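The values are calculated or read from the model by the stated rules, or taken from the named source; none is laboratory data. Keep in mind that this is a model prediction, so the values were computed, not measured. Using ideal geometry, Cβ is built from the backbone for each residue, glycine included, and neighbour counts are taken over all protein chains shown.
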Amino acid sequence: MAFFSFPIRLELNGSFWGIEDMVEHGDELFLERIGRDGNGALYKMYNDLSSASGNEKKTRLEEGTEDLTALIASLDESISLANRSLYAYDHLDLPQTASFFANLALTSDQDVGHKNYYLYRDSEGTGEWSILPWDVDLPGAATGWTTLAARITSTMYRSQLTR
């Protein structure tokens, strides 16, 4: 489940301008291409799942964000772990979610969780939520980069999986 992306050469007035990345849009066509129902709710997330506000709804624009608000409220840490687990079993696509997090660990992708992911809900089918990767350009990299020099000199993040 990945977005199509590829480099393109840009020219301006017949002269080379640069190499840029063309990235597929998160929309109904993307969902259908990856085997998901294009009528489901797709959100581009810009936070750590702490609020429904500030995120971008990509499909089902005629509806509000009540479904996302309910997901966030039901997974809030103030709710007992037992109740959150029951909710997760009933409302998350657990095999897909486990695969997403396993891939994060294997690639040491540290640039996700606070942004750089999509949430998808099979609104007219199972009602389950899935988490989809986005902007996976920093696997194996340290976080907290503020300058180009910091990016170049950073060391690879190591976990128990990579030792």
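So here's what we get for this one:
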{"read-out": "Residues of region 77-117 satisfying the condition of being among the aromatic types (Phe, Trp, Tyr) and within 14 Å of residue 67 (Cα to Cα)", "value": "87"}
{"read-out": "Qualifying residue in region 23-30 (condition: aromatic (Phe, Trp, Tyr) and in contact (Cβ under 8 Å) with a residue 40 or more places away in the chain)", "value": "no"}
{"read-out": "Test: residue in region 30-50 that is part of a strand (DSSP E or B), more than 18 Å from residue 130 (Cβ to Cβ) and either at pLDDT 90 or above or hydrophobic (A, V, I, L, M, F, W, C) (or both)", "value": "no"}
{"read-out": "Identity of the residue in region 34-51, over 14 Å from residue 120 (Cα atoms) and without any contact (Cβ under 8 Å) to a residue 40 or more places away in the chain, that ends up surrounded by the most Cβ atoms within 10 Å (Cβ to Cβ)", "value": "51"}
{"read-out": "Test: residue 134 is more than 24 Å from residue 41 (Cβ to Cβ) and at pLDDT below 95", "value": "no"}
{"read-out": "Any chance residue 60 is of a type in the set (Lys, Arg), out of contact with any Lys or Arg (no Cβ under 6 Å at 6 or more places or on another chain) and part of a helix (DSSP H, G or I)", "value": "no"}
{"read-out": "Residue check for residue 141: modelled with pLDDT of 65 or more, out of contact with any Pro (no Cβ under 7 Å at 6 or more places or on another chain) and surrounded by 12 or more Cβ atoms within 10 Å (Cβ to Cβ)", "value": "no"}
